[in-house]
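The values are calculated or read from the model by the stated rules, or taken from the named source; none is laboratory data. These numbers were taken from a predicted model, which means no experiment stands behind them. Methodologically, a virtual Cβ is constructed for each residue, glycine included, from the backbone with ideal geometry; neighbour enumeration extends over all protein chains shown. Protein only, heavy atoms only, side chains kept; ligands, DNA and RNA dropped before computing areas. Shrake-Rupley method; radii C 1.70, N 1.55, O 1.52, S 1.80 Å.
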Amino acid sequence: MENSRRDFLKKSAALVIGTLTASSILNNAFAAGNFADDILITPDGGKYTLPALPYAYDALEPHIDKLTMEIHHSKHHKAYVDNMNKALETVDGNVLGSPQSFENIFDKVEKLPAALRNNAGGHYNHSLFWTLMKPNGGGEPKGKLAEDIKSTFGSLDEFKKQFADAAMKRFGSGWAWLVKTKEGKLAITSTANQDNPLMNLSSVEVKGTPILALDVWEHAYYLKNQNKRADYIASWWNVVNWDAAEGLYTAKK
Ligand code: MN
């Protein structure tokens, strides 16, 4: 999206917020298969809110079970939203400036309290994660993303192998990512805890725009798969929303 359009949207979001909740804006974006930072910029009434899932809790069965989805969304994600709101209250508005966008928070994250880093990361990462899955997902990517995965990694299978490897090797809790770097290249990386590739941190090894996100915290799979992270990753390929990934990849930003 070109700058003038983005600026317009940021300003107009403040006007729209009176009639549409942040959740419904996010859900419209889900419906369009389109996720952008702009959607999450203006909190609802000064507070961030938990976006509704774009599908039912049992919609990803049998690959990801209903109870895991319900607890993951209504308890874990909700806690990140609530704790992000609390953490924001502790930060001087002059430090963050206005608007308190994710882009701005992630850029200044090194100077911000750990609670804001962890919970803003948690809210953003999960909001994105839900959109990158769908019922009857999986299969193969199409379009430019498919072409560039093939030219970058050799084949879709080789990409999936390397992505799964990054997810398996993340020690403890964290995320695996496919990102588009500043140079426009595809790269696989992983981050610890609720960090992400948008954060301006030396510990974030590969920075870029997330295209795919996989939560490898045990809370994402322990009820169904117990300690077997590899089984969860294998199941997850069946629910990947490649259309949403393609949308992120080809977005003009
Ligand atoms: Mn999670």
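Considering only region 76-108, state which residues are among the charged types (D, E, K, R) and within 16 Å of the ligand (Cβ to nearest atom).
Within region 76-108, K78, D82 meet the criteria.
Residue pairs, Cβ under 7 Å, 6 or more apart or interchain, first in region 186-200 and assigned by TED's automatic domain parsing to the domain that holds I149 and closer than 21 Å to L156 by Cβ, second assigned to a loop (DSSP other than H, G, I, E, B) and open to solvent by 20 Å² or more (accessible area, probe 1.4 Å). List them.
Partner pairs satisfying both residue conditions: A187/T181; A187/V206; T189/E205; T189/V206; S190/R170.
Would you pick out the residues in region 109-145 that are buried (at least 17 other Cβ atoms within 10 Å of the Cβ) and either away from the ligand (no atom under 16 Å from the Cβ) or more than 20 Å from the chain's Cα centre (by Cα) (or both)?
Across region 109-145, the qualifying residues are V109, L112, L116, K134, G137, P141, L145.
Here are L212, L178: which of them is open to solvent by less than 60 Å² (accessible area, probe 1.4 Å), assigned to a strand (DSSP E or B) and within 24 Å of L67 (Cα to Cα)?
L212
Could you tell me which numbered condition K161 fails, if it satisfies all but one of (1) open to solvent by less than 20 Å² (accessible area, probe 1.4 Å); (2) assigned to a helix (DSSP H, G or I)?
All conditions pass for K161, except number (1).
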